[in-house]
Amino acid sequence: MTEATSIIAGTEQPTADVAAACAAAAEAFATYRTTTPDQRADFLETVAAEIEADKEPIIEAAVRESGLPEARITGEVGRTTGQLRMFARVVRQGDHLGVRIDPAMPDREPLPRPDIRQRMVPLGPVAVFGASNFPLAFSTAGGDTASALAAGCPVVVKGHPAHPVTGTLVARAIVRAVEQAGLPAGVFSFVLGGTETGQELVRDPRITAVGFTGSRRGGLAIAQTAAERPVPIPVSAEMSAINPVVVLPGALERADIDALATAYVGSLTLGAGQFCTNPGLMFLPAGEAGDAFLRAAGAAVAEATGQQMLTPEIAEAYRSGAATLRELDGVRVVGQGNEGGENAPAPQVVESSVLEVPVTDEVFGSAGVVVRYDALEDLLPRLRGLEGQLTATVHADADDDGDVELARELLPVLEEKVGRILFNGWPTGVEVGHAMVHGGPYPATSDARTTSVGSLAIERFQRPVAYQDVPEALLPDAVRDANPWGLTRRVDGTLET
Ligand code: NAP
């Protein structure tokens, strides 16, 4: 059980005082929303620098609390600070403000046109919930926090119970950055407590949006609470997926089967399979090449040893989910790895002879299901029947006319199902950039219109306001004629850079 503590307005307290954190955030919003692009970008860069200044204790705590290897956690620190700096650059460039100006046309017939100017404004205080499997990059100073702060929203983080010390150390680094930037203390608060603390945070009337990364059960519970408030608020919940991989016949025929199988098992077992992008479901052609792939995958997984999972509860849930998969009708075990200890259960791959195998929600961990298919026309209805997913992967030979034709048919079906389509690779590993989509239709996320990774994530915490015939002297800087921030703007329908 996590001890309830708070870091509110820069001071640590022994209680999870959600109300105080939300009050401080609401008060800080009035000032923080008016910061200039440079002030906000400088602040984000200072957060990154303060995290780096405490890198050693943060890494030590995260390794201890998560059981993840030091190299992985070190990489995650870099990803976290990189995200903060990316959002600093985004804020300086300012295109997230989406400025549009339709100048007045006083002589237009039959009616004159008023002067209308639009820009994005921050929503207000945002509640952030991180995930256990990314104690840094999807947690206290992760993508949700970075994008909300970049948008101009104060943030209240509900610390994750699986890494309370890591969360607290990162929270202290952010608080130092708030102080150095001379911002109101309520720009960032951190509360540690149980599920009721999180629920209270979502219900607090001062919270205007939620960014969540975690399980489907948690995300849906939070989305329901948010929808039932007297004033409902948007929830960007990034949840789980089974990330289908479709291997096309040409790719399989020409593949180095051992290399392909090893790469599959490598992606499946990476980080003990504790990735929302884990390739949980594969569609493989029936026939000898597919059989050979499964023999190779079986051998590769048999050599794999379970790695310590994040918590005993997650390890237990994996064991139970993996056993359920083994017991499904028409399922055969392709290979099982070795137990790596009490909380390090064995990875497994199973094959299903039933195309309609009822696999829906993820088994969080290294559990792969391979479904065989005879022809694409059998596969397409199965893909159309899938729930929304974060990713879909296609293995296709670009020089094989048959594969190219099949892929052409597959793509529109996959576009309707997923947020990211990748070819000839594996879905684990999400690049942080401007074109990335880490999202997807429900229930992969609660809102498919955006992403939780990459610079587009800032749009989740903004809304447009139009200013009609507002005198120049009263207009916000972003929409003034003089364009003091040098923004790219759409003026009378044409982009002006
Ligand atoms: P989790 O159990 O859902 O916890 C996430 C956070 O939500 C924690 O702070 C948790 O704290 C809180 N929470 C859970 N249920 C709640 C409820 N009913 N009301 C209020 N708060 C609640 O998820 P996790 O175990 O940390 O993460 C693993 C899952 O995240 C996996 O399913 C994985 O696939 C997914 N994931 C998704 C992404 C993505 O981008 N889509 C990325 C990484 C991980 P309390 O336990 O204290 O309530």
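The values are calculated or read from the model by the stated rules, or taken from the named source; none is laboratory data. Computed from a predicted model, the values in this text were never measured in an experiment. Note that we place each Cβ from the backbone using ideal geometry, even for glycine, and neighbour counts take in every protein chain shown.
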Quick one: how many residues across region 317-367 are within 16 Å of the ligand (Cβ to nearest atom), among the charged types (D, E, K, R) and part of a loop (DSSP other than H, G, I, E, B)?
2
Give region 457-497 a look and list any residue that's in contact (Cβ under 8 Å) with a residue 40 or more places away in the chain, in a loop (DSSP other than H, G, I, E, B) and of a type in the set (Ser, Thr, Tyr), or say none.
488
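Filter region 111-154 down to the residues that are assigned to a strand (DSSP E or B) and under 17 Å from the mean Cα position of the chain (by Cα), then identify the one that is nearest to the ligand (Cβ to nearest atom). Quick ask: steps written out before the conclusion?
Step one: filter region 111-154 for residues assigned to a strand (DSSP E or B), giving 113, 116-122, 126-129.
Then drop every residue that is not under 17 Å from the mean Cα position of the chain (by Cα), which leaves 126-129.
Details: 126: 15, 127: 10, 128: 9, 129: 4 Å.
Looking at the filtered set, the residue picked out is 129.
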In this structure, is residue 351 exposed (fewer than 14 other Cβ atoms within 10 Å of the Cβ) and either of a type outside the set (A, V, I, L, M) or in the same structural domain as residue 405 (by TED's automatic domain parsing) (or both)?
no
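Considering each residue of region 165-204, count those that are farther than 23 Å from residue 234 by Cα and more than 10 Å from the ligand (Cβ to nearest atom), and give that number. Walk me through how you get there before you give the answer.
At the first step, the residues of region 165-204 found to be farther than 23 Å from residue 234 by Cα are 165-185.
Then keep just the ones that are more than 10 Å from the ligand (Cβ to nearest atom); that gives 165-166, 168-185.
Result for region 165-204: 20.
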Subset of region 391-444 [in the same structural domain as residue 282 (by TED's automatic domain parsing), within 12 Å of the ligand (Cβ to nearest atom) and polar (S, T, N, Q)]
391
So which residues in region 465-480 are loosely packed, with under 12 Cβ neighbours inside 10 Å and at negative phi?
468, 471, 472, 473, 474
Tabulated pairs, region 408-436, first hydroxyl-bearing (Ser, Thr, Tyr), second modelled with pLDDT of 95 or more and crowded, with 18+ Cβ neighbours inside 10 Å, C-beta under 6 angstrom, 6+ apart or interchain:
428/267; 428/270; 428/275; 428/277
If you go through region 392-410 one residue at a time, do you hit one that is outside any loop (DSSP other than H, G, I, E, B), of a type in the set (Val, Ile, Thr) and in contact with a Gly (Cβ under 6 Å, 6 or more places away or on another chain)?
no
Does at least one position in region 462-475 carry a residue that is at pLDDT 95 or above and within 16 Å of the ligand (Cβ to nearest atom)?
no
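Could you look through region 179-192, keep only residues that are crowded, with 24+ Cβ neighbours inside 10 Å and outside any strand (DSSP E or B), and pick out the one that is nearest to the chain's Cα centre (by Cα)?
Keep residues of region 179-192 that are crowded, with 24+ Cβ neighbours inside 10 Å, which gives 186-191.
Next cut, outside any strand (DSSP E or B) only: 186-187.
Values: 186: 25, 187: 22 Å.
So, considering only residues that are crowded, with 24+ Cβ neighbours inside 10 Å and outside any strand (DSSP E or B), the one nearest to the chain's Cα centre (by Cα) is 187.
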Report, by residue number, each residue of region 209-264 that is within 18 Å of the chain's Cα centre (by Cα) and of a type in the set (A, V, I, L, M, F, W, C).
209, 210, 212, 220, 221, 222, 223, 235, 237, 239, 241, 242
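Kindly evaluate residue 265 against the criterion of being assigned to a helix (DSSP H, G or I), more than 30 Å from residue 19 (Cβ to Cβ) and either within 14 Å of the ligand (Cβ to nearest atom) or touching a residue at least 12 places away in the same chain (Cβ under 8 Å) (or both).
Numbers: assigned to a helix (DSSP H, G or I): yes; more than 30 Å from residue 19 (Cβ to Cβ): yes; either within 14 Å of the ligand (Cβ to nearest atom) or touching a residue at least 12 places away in the same chain (Cβ under 8 Å) (or both): yes.
Taking the combined requirement at face value, the residue satisfies it.
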Name the pairs whose Cβ atoms lie under 6 Å apart, with the first residue in region 297-324 and within 21 Å of residue 276 (Cβ to Cβ) and not assigned by TED's automatic domain parsing to the domain that holds residue 134, the second within 16 Å of the ligand (Cβ to nearest atom) and assigned to a helix (DSSP H, G or I), and 6 or more positions between them or separate chains?
304/269; 307/272; 309/272; 309/315; 310/66
